[in-house]
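The values are calculated or read from the model by the stated rules, or taken from the named source; none is laboratory data. Quick caveat: nothing in here was measured; it's all calculated off a predicted structure. FYI the Cβ positions are ideal-geometry reconstructions off the backbone, even for glycines, and counts take in every protein chain you see.
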Amino acid sequence: YPRGIEVMKYDPHFAIRGLHFDTSSGLLLKVDAFHNIMLGSVYRGLQPVPNDEVFKIYEGTHLAITKINPSNFLNGPRRTMHHMIDLFSYPEMVLISNVIEFFQQRGIPYDPEYLFRDCQQAVQNVHKSGKMYQAVINDIDKYLKKSPHLGELLQRLVSSGKMLFLITNSGFEFVKKGMDHMIGKGWRDLFDVVITQARKPSFYHQQASRCVDTRLYRPMWQKVSALCRGQVYIEGNIEQFKKFTGWYGPNVLYFGDHVYSDLRDPVLYHGWRTGAIIPELESEIKNGNSLDFQRSVVWLTNLQDLILQLKAFPPSSKRAQLTDEWKRERRELKLKLKALFNPRFGSVFRTYTNSTYFTRRLVRFADLYMSSVENLLNYPLNYTFYPRRAALPHEAVLDFRTNRVPQYQTYPSAKN
């Protein structure tokens, strides 16, 4: 690749988690829970793609499920839509966008699929080579914050009789240095089982466990016939884990930060309860609690109701003009709400109206989600979380604060 790419800066605020990169078109785009493209949030390199070009490329804004998830179909098309769902996707998305921008500006021809593979491989090599882990260990104060509250939470769980386990894809040396730094050298005493280099999601299938020599950081050759407290293991599989521990189904609550690699298989195949750690929630909630955001959402909702109510009257030029003005204001409000989160892609969790594809996968595979596991310190250990009841499109929205029950409307329900 041209050396000039080196001077392009990394912008940590360019993209958001959960976007899709299409290797057939070279576009980075935001998709909602119903496979609709969010117009105004489609980029080629660092430049927005006009709506008419998006319509032409995709013959509309809806993506067929065979394009989003072709693995569900026998002899279906190859995957072109790649879901950028984990925290490592941030540098990957910016790297891809920077390289495309570099090529576009200079008229250099390229195949988006080859470019995607090369960028993805480059990011993966940083991890596989151990360079990232070594960089963190060499300057651990820069990359990892001490976390006394995490230690407090773990100690609280242990004191109440809970059994704790750690299953991570990271190597033991890296885990030890990080945990020693964050909560102190006695962290292993808090866990009944410690498994490193688990190779998730392969851990949820078949591979054997091995013990680790914690002094030499090397795997041992003895056969594992039990998971013992104080020992460290590598690899293994969930069936072996369940057999040795006796921990099954909804009695297990497992936390992870990767919706697919960490949480999908435990939910779908083993009935575990799961919690997703989503750091972006802190800024999302802060923005959602702002007065500007809440006023805009209330006015947007009222505008939509006014537009619907006006359509119930006989058409006239005056009403048509008023409707156009309200629709224009509605569009402006939606763009304003989007920009409060990210000027290019908006909220991680919502498009203009619907939840995002990322949110759909998140709530499918996570019983709980939070910005940090430390948030559980705000709740007693016997606390029960109940799902919030949300109105379906055909149901009336009940105002519990005033005990007012609105009448059902005759307007058609919609998801867009």
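Just a few scattered comments:
- A single entry from TYR260, TYR254, TYR248, TYR269 fulfils the requirement of being in contact with a helix residue (DSSP H, G or I) (Cβ under 9 Å, 6 or more places away or on another chain) and under 19 Å from THR196 (Cβ atoms): TYR254.
- The residues of the range 321-353 that are over 23 Å from MET93 (Cα atoms) and not in a helix (DSSP H, G or I) amount to a single one, THR353.
- Top-ranked residue in the range 367-389 [being part of a loop (DSSP other than H, G, I, E, B) and either of a type in the set (Val, Ile, Thr) or surrounded by 15 or more Cβ atoms within 10 Å (Cβ to Cβ) (or both); ranked as nearest to the chain's Cα centre (by Cα)]: SER371
- Contact annotation: residue pairs with Cβ atoms under 9 Å, 6 or more positions apart or on different chains, pairing a residue in the range 324-337 that is assigned by the TED database to the domain that holds GLN294 with a partner that is exposed (fewer than 12 other Cβ atoms within 10 Å of the Cβ), are LYS336/ASP292.
- Here GLU92 fits the description: touching a Cys at 6+ places or on another chain (Cβ under 9 Å), free of Cβ contacts under 8 Å to residues at least 60 places away in the same chain and closer than 21 Å to PRO343 by Cα.
- Entirely in the range 12-124, the helices (runs of 4 or more DSSP H) that have 1 or more residues that are closer than 25 Å to PRO2 by Cβ and in contact with a Gly (Cβ under 7 Å, 6 or more places away or on another chain): 89-106
- Residue in the range 22-45 that is among the charged types (D, E, K, R) and free of Cβ contacts under 8 Å to residues at least 12 places away in the same chain present: no
- Unmet requirement for PHE172, which otherwise passes all of (1) under 18 Å from ILE195 (Cβ atoms); (2) free of Cβ contacts under 8 Å to residues at least 24 places away in the same chain: (2)
- Verdict on VAL298 being within 23 Å of VAL397 (Cβ to Cβ) and either exposed (fewer than 12 other Cβ atoms within 10 Å of the Cβ) or modelled with pLDDT of 95 or more (or both): yes
- Scan of the range 114-147 for residues that are within 12 Å of HIS181 (Cβ to Cβ) and more than 24 Å from the chain's Cα centre (by Cα), ordered by number: ILE137, ASP139, ILE140, ASP141, LYS142, LYS146
- Test: residue in the range 246-260 that is under 15 Å from ALA366 (Cβ atoms), of a type outside the set (A, V, I, L, M) and in contact with an Asp or Glu (Cβ under 6 Å, 6 or more places away or on another chain): yes
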